[in-house]
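Data block below; observations after.
The values are calculated or read from the model by the stated rules, or taken from the named source; none is laboratory data. These figures come from a predicted structure and were not determined experimentally. Backbone-built Cβ (ideal geometry, glycine too); neighbour counts: all protein chains shown.
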Amino acid sequence: MNLSRRTVLLTGGALAAAAVAGCSVTGAPAPAATTGSTGGKLSGTVNILLMKQAGWTEDDWAGVITKFNQTNPDITINPTFVAYEALHDKIVAAAAAGTFDIVLMDVIWPPEFAEKKMILDVTDRVPANWKTEMLGGALQAAEYKGRFVGAPQVPSTKLFFYNKDLMSKAGVDESSIDSWDAVMTAAKAIKDKGLSKHPIAWSWAQAEAVICDFAQLLGAYGGTFTDDAGKLNFNNDAGQQTLQFMVDSLKSGISHPGSPTFLEDDVIKALQSGEVAFGLNWESTFRDLNDTKASKVAGKMGVSATPTGPSGKRPGVNGAMAYAISAGSKNPDAAWKVIEFVTSREVQDPLAKSSMPNWIASFSDPNVVKINPEVFAACKVAYADSILRPQVVNYNKVSAILQVEIQNALLGSKTAKAALDDAVNQGNDALAG
Amino acid sequence: MTTRTIRTPRRHTSATSQVQTRFAWLLLAPAILVVFGVILYPLYRTVLVSLFDVRSALDPSPAFVGLGNYVAMLSSPSVWASLGRTLYFTVVSLIIEVTLGLCLALLLNAPMRFRWLFRTAIVIPWALPTIVNAAMWKGIYNAQYGALNAVLYQLGVIHDYVPWLSEPWRAMNLVILADAWKTTPLVAFFLLAGLTSIPSELYEAAEVDGLGWWKRFRAITLPLLVPAISIVVVLRTVEAFKVFDIIYAMTRGGPANGTAVISYYTYQTAFSDQSFGIGSAMAMLIVLIIAILCMIYLRLIRSSEMSLL
């Protein structure tokens, strides 16, 4: 037999064709049962996809896993940590292969993941007491159309962090900074005294982070993202005032000019350096600001719920997350066992420095509150009212559009109104398509 | 690749020839696996997906849309804008790399002490993984603690720290600079290889004729370097056109999409938006453009003296 170029090509082609035969376009098999049970098998490996940003640290997780294995020696937990910015795409890329049994899902993704059947409906597994004993904001991250598509990880919102040292040097009283107006006045005083060149840092990079800040400010201005029919309407007066506030604060130098490039971690670093007085960020920021190894302001920082806006309201952006079981999980029962453990009070309460617990009772338990009293006090106020980002299937596309338009306004290449009009028009087109 | 064994009538196939054929298959197996399994098969899947309205990686039966995704792609202003940015990235980074690369190559070709040391040291940026390079330059450009701000501030050039990556056009240029820092050594080495192949007699003759430095460069160096320059230009064009990782790590397409090149936009469309159909169509567009560039590249390399083929 002659081994010609043609023979090699034909053989390779035939092999490829054989691999193709029987596959669908995406290579995905026909959907199997959606509740996914392995008949109660509680052993094997549970691969879990987590993030390293706010919340529990990798060390926290190592402790939790050790504790879990004391009572569940037959289940091996294999965690993978990625940056928040990479989390969604990693879940999507791994979905077909079923790489992860549990994925950490942001509050904005349940519609997308549930509609695309990437995660399991776990309603039947959820104990009845969760609905009444867990915080509403945390539950929101795990629900879609009245069904549980995950388990609440922790509640979360952005709190307001302030440097008490800089404030007292500028003669600003801690109790006075209850509204954004007062914060801007205080920031100006700090700037004028030369204590800080740019007293406020924001996470306004082209990322989900800027949407979280925008959402929180939009709430303070009395706005919402969508109307009752589900159409985007944040180009209304409240939306324009919100974006104008952001633009003005940047223009006046009150806000750090690096803000349009900052993610949450950059805001933490800015606050830790002591050169910035104010910042919005997730709960675990307080832990990082008081970390004497990394922070120059340990012990000098205060924390409160987000300041009120002209509407008199102060809804925090709902930044809760949930554990979902991947549709491709080969070990969903063991995965649920892990989820039950990591959402339990016994595990969550001791880690209150990193994340607030899911459980309403924890907030009035003095033994838990004393672990992180300042943040508990702030969260009690902050969790009372929240603003949700649009709960839509193609949220990411809408968010990406808004991110770019907010930046266009921040850069001065569009007016606030033009930017928001464009965002709403393109966003509504995306929702329709 | 063709292994034409001596043609023997099949009936009389000797045992030796059979063993040889089997051995040939064995040797070819890894290449077949790589070419068909890792390159052609995914390419085939991408073409297939690009013809369907795939909105989820788990969708077993997406709707067939024919060339609908290609039409949608070509009528999207965002796609054209990102192609424009990619073109800008490619052209500007090529100009920087070839200019600096040529200067470096001339320096490294000059007789000097410790030339081996300089030649070795210059490889270091190229040896860095792109993601490390990106993280490093992101640190250098940082608005709060970046080295660039510190240097310029201490020299009195700036009076306030500058958020270098906060404006689209500036961010693009600075990402190009970071990329050029890493890839210029590669260009320099290609050109150095070209320089060393120029016979020294030509320079000696030119010197005897009284030609100055510039004239020698114009009359000898540059014309004889043309093959090396064209190869490196095409090679780098292909690389620059598919730039992704440095963008992903430094700016994630921001600010205001200022650095959203076509590869990044493709990734975002496919994986963030889960519009796999259009994402695949965009990937095919990149493949097409790069295939054309590669054909030019292969032609050049075959006609060049540096060719090993």
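Before moving on, here are some points about what is shown:
- Those helices (runs of 4 or more DSSP H) lying entirely in region B:176-247 with at least 2 residues within 25 Å of B:Met295 (Cα to Cα): B:222-241
- From the options A:Lys296, A:Lys330, residue that is surrounded by fewer than 18 Cβ atoms within 10 Å (Cβ to Cβ), at pLDDT below 95, more than 23 Å from the chain's Cα centre (by Cα) and of a type in the set (D, E, K, R): A:Lys330
- Check on A:Asp165, under 30 Å from B:Arg55 (Cβ atoms), surrounded by fewer than 19 Cβ atoms within 10 Å (Cβ to Cβ), modelled with pLDDT of 95 or more and of a type in the set (Asp, Glu): no
- Candidates are the residues of region B:251-280 that are among the aliphatic types (A, V, I, L, M) and within 10 Å of another protein chain (Cβ to nearest Cβ); the one that is nearest to A:Ala94 (Cα to Cα) is B:Ala270.
- Note on region A:122-150: residues that are more than 25 Å from A:Val398 (Cα to Cα) and crowded, with 17+ Cβ neighbours inside 10 Å amount to 6.
- Residues that are buried (at least 16 other Cβ atoms within 10 Å of the Cβ) and not in a loop (DSSP other than H, G, I, E, B), drawn from region A:227-243: A:Leu232, A:Ala238, A:Gly239, A:Gln240, A:Gln241, A:Thr242, A:Leu243
- Checked against (1) small (Gly, Ala, Ser); (2) buried (at least 22 other Cβ atoms within 10 Å of the Cβ); (3) more than 29 Å from A:Tyr144 (Cα to Cα), A:Ala95 passes all but a single condition, namely (3).
- For region A:310-324, a residue qualifies if it is away from every other protein chain (no Cβ under 14 Å) and either more than 30 Å from A:Asp181 (Cα to Cα) or outside any loop (DSSP other than H, G, I, E, B) (or both), and the qualifying residues are A:Gly316, A:Val317, A:Met321, A:Ala322, A:Tyr323.
- Residue among A:Ala294, A:Ala270, A:Ala215 that alone is of a type in the set (A, V, I, L, M), farther than 18 Å from A:Leu388 by Cα and assigned to a helix (DSSP H, G or I): A:Ala270
- Of everything in region B:25-50 that is surrounded by 17 or more Cβ atoms within 10 Å (Cβ to Cβ) and either more than 8 Å from chain A (Cβ to nearest Cβ) or touching a Lys or Arg at 6+ places or on another chain (Cβ under 8 Å) (or both), the residue that is farthest from B:Gly279 (Cα to Cα) is B:Thr46.
- Residue list for region B:241-263, restricted to those being under 11 Å from B:Leu94 (Cα atoms) and at pLDDT 95 or above: none
Conditions (1) away from every other protein chain (no Cβ under 14 Å); (2) touching a residue at least 60 places away in the same chain (Cβ under 8 Å), marked per residue:
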{"position": "A:Gln206", "(1), (2)": "no, yes"}
{"position": "A:Ala209", "(1), (2)": "no, no"}
{"position": "A:Ala215", "(1), (2)": "yes, yes"}
{"position": "A:Gly219", "(1), (2)": "yes, yes"}
{"position": "A:Gly230", "(1), (2)": "yes, yes"}
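- Any hit, region A:367-387, residues being of a type in the set (S, T, N, Q) and within 14 Å of chain B (Cβ to nearest Cβ): no
- Complete set of residues in region A:270-293 that are farther than 13 Å from A:Ala378 by Cα, out of contact with any Phe, Trp or Tyr (no Cβ under 9 Å at 6 or more places or on another chain) and surrounded by 20 or more Cβ atoms within 10 Å (Cβ to Cβ): A:Gln272, A:Glu275, A:Val276, A:Asp288
- Helices (runs of 4 or more DSSP H) enclosed by region A:96-175 - at least 3 residues per element that are more than 20 Å from A:Ile387 (Cα to Cα), out of contact with any Ser or Thr (no Cβ under 9 Å at 6 or more places or on another chain) and in the same structural domain as A:Lys330 (by TED's automatic domain parsing): A:129-133
- Filtered residues of region B:148-174 (kept if surrounded by fewer than 21 Cβ atoms within 10 Å (Cβ to Cβ), closer than 18 Å to A:His256 by Cα and of a type in the set (A, V, I, L, M)): B:Leu148, B:Ala150, B:Ile158, B:Val162
- Residue match in region A:57-66 (condition: of a type in the set (A, V, I, L, M), more than 19 Å from B:Leu58 (Cα to Cα), in a helix (DSSP H, G or I) and in contact (Cβ under 8 Å) with a residue 40 or more places away in the chain): yes
- Residue that is farthest from the other protein chains (Cβ to nearest Cβ), among those in region A:250-265 that are surrounded by fewer than 23 Cβ atoms within 10 Å (Cβ to Cβ) and in a helix (DSSP H, G or I): A:Lys251
- Being farther than 15 Å from A:Leu250 by Cα and polar (S, T, N, Q) is true of A:Thr226.
- Residue among B:Ile247, B:Ile301, B:Ile229, B:Ile292 that alone is under 19 Å from the mean Cα position of the chain (by Cα) and under 24 Å from B:Pro129 (Cβ atoms): B:Ile247
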